[in-house]
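Beneath this line is the structure, given in structure tokens, with notes to follow.
Only the coordinates and a few stated rules stand behind these numbers; no lab work does. Only a predicted model underlies this, so the values are computations on that prediction, with no experimental measurement involved. Every residue, glycine among them, receives a Cβ derived from its backbone with ideal geometry; neighbour counts consider all protein chains shown.
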Amino acid sequence: MLADEAVSEPILTGLNLSRSTVQFFRHNDMDHLRSILQSIANDDKRLKRDTSQQRRFIVVEGLYRNTGDICPLPEILALKEEFFYRVILDESVSFGALGRTGRGVTEHFGVSVSEVEVLLLAMDTALASVGGVCIGSREIVDHQRLSGAGYCFSASAAPFLSAAACKALQIIEESPSLLETLHANSRYLHKSIVDKVDGLQLRCSVPTPIMHLNLATPLDSLEEEVAKIMDISDYCVNHGVGVLASKFSLLNSTSGMKYRPSLTLCASTKLSPEDMQRVVATLIAASKI
């Protein structure tokens, strides 16, 4: 398997449980992914392996919860066709957040879900439930149902959890204004932070519902930067604004690089203009402490 180095903890756990040979490519770096694919293809030619008979996957997230940016899905699909791979796409965060009707990164790019062999979705995000969904061919879904860790070591979801997910899905389908509000709030927060918050900078240049903010000026040591981020987060929470301090680092980084500690801010449909103005004002004050 080839996986983006910024994938979140649930995917890392799945990669470990799969007992596959895993290589990580630099986050959203399609040139690096191509170089790995080409290197494997060269080995196939040298060893006379039939590439069409290999079980190989490229593993990515639609919207990365650890970085707040979107995967370049059309480029990934082009590479998987060229090198005879399958794609496992985790839409846990992008479903209900991206696309005109909230269908995720596939809709965002105008890609048919049939072009993605395995599409995964956790139900604890937009669907406000527990468990997960696997979308693919009948063969893939049957295999996942019978071999997945959740089936083997746990039990089926309680009926009320499925009912809650179905109701949430119905609300999303019947209320397109929710998506419009979410996208508008994401753009507003993104622009306000860029324009007004001098002490912090957004990691991603594209507005998405998940925003990671770094210190605008790096400190001398990682410990100092973590402490500063924690202080800012504590200030925000104490002033009624929920901002998470994230110390995520690329433990599997192929480049030796680690992401700097960040603040994580999530847009939602429930934020009013006054709420967002308060968020920005609190971030401005917190960045100066």
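What to note about this one:
- Ranking of Tyr64, Tyr235 by count of other Cβ atoms within 10 Å, fewest first: Tyr235, Tyr64
- Residues Met230 and Lys191, FRET efficiency given R0 of 30 Å [Cβ-Cβ distance, rounded to 0.05]: 0.65
- Theoretical ellipticity at 222 nm over the chain - DSSP helices of four or more residues, -39500 (n - 2.57) apiece, nearest 500: -13500 deg cm²/dmol
- Counting Cα-Cα pairs of the chain in 10 Å increments starting at 0 gives whole-percent bin shares of 6, 25, 32, 25, 11, 2, 0.
- Computed Rg/Rh of segment 1-62, alpha carbon atoms with Kirkwood Rh: 0.99
- Sorted by Cβ density within 10 Å, fewest first, the residues Asp90, Asp142, Asp275: Asp142, Asp275, Asp90
- Share of pairwise Cα separations in segment 76-183, more than 24 Å, in percent: 30
- Burial ranking of peptide ranges 174-185, 67-78 (average Cβ count within 10 Å, highest at the top): 67-78, 174-185
- Here the label points at Gln23 and Ala41, each 7 Å from Cα along the C-beta direction, are separated by 1.2 nm in the simple model.
- Alpha-carbon centroids, segment 175-230 and segment 26-74: separation in whole Å: 29
- Extents of segment 56-121, largest first, come to 30, 24, 18 Å (Cα atoms, principal axes, whole angstrom).
- Under the simplified labelling scheme, the His32-Asp198 pair shows an inter-label distance of 3.4 nm, with each label point 7 Å from Cα along Cα→Cβ.
- Percent of Cα pairs exceeding the 24 Å cut-off, where the set is segment 176-286: 25
- Each Lys or Arg adds one and each Asp or Glu subtracts one; over the other residues with Cβ under 10 Å from the Cβ of His212, this totals +2.
- Kirkwood hydrodynamic radius over Cα pairs of segment 2-174, then Stokes diffusion coefficient at 25 °C and 0.890 mPa s, in µm²/s: 144
- Computed extension length for Arg100-Ser156: 17.0 nm, one decimal, from 0.36 nm per residue of separation with the Cα-Cα distance subtracted.
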